[in-house]
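> Take a look at this one; I'll ask things after.
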Amino acid sequence: MRAGAHTGTAHPGKELAAWRQRLRNETRTAGVFTNAELDGLEGLVRGYLAQAIAPDTSLAQCAQITMRGSIKIGRWLPFRA
């Protein structure tokens, strides 16, 4: 099998739905945001995050990030990630 080839199951949609449900049911917390989270960051980044995230905001344990668009490989092709 070539590198990067899909090796998923026959029903990836069911697995994804089960994974999403498990994440929704997760009750543990990763803590809360404090100014200590900003230690070591550059000034502009530190200032932005200090304004964007209120103190004592619950920290997420994970995030699902999706992306879609098009990429030019000879011709423009759609992609999702």
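The values are calculated or read from the model by the stated rules, or taken from the named source; none is laboratory data. Just so you know, these numbers come straight off a predicted model, no measurement behind them. We place every Cβ from the backbone using ideal geometry, glycine too, and count neighbours over all the protein chains shown. Side chains included, ligands, DNA and RNA excluded: accessible areas come from the protein's heavy atoms. Shrake-Rupley method; radii C 1.70, N 1.55, O 1.52, S 1.80 Å.
> If you count only protein heavy atoms with a 1.4 Å probe, what accessible area per residue comes out for segment 36-81, rounded to a whole Å²?
The answer is 92 Å² per residue.
> Follow-up question, since we're still on this one. Within 14 Å, Cβ to Cβ, of Arg46, how many net charges do the neighbouring residues add up to if Lys/Arg are +1 and Asp/Glu are -1?
My count for the surroundings of Arg46 gives -3.
> Pop a pseudo-label 7 angstrom from the Cα along the beta-carbon direction at both Asn25 and Trp76 and give the gap in nm to one decimal.
Those two pseudo-labels are separated by 4.3 nm.
> If you don't mind, there's one more thing I want to ask. Give the accessible area for Ile65 in Å² (nearest 10); use a 1.4 Å probe, count only protein heavy atoms, and leave out ligands, DNA and RNA.
140
> FRET efficiency for Glu42 and Arg68, Cβ-Cβ distance as r, R0 = 30 Å, nearest 0.05?
0.45
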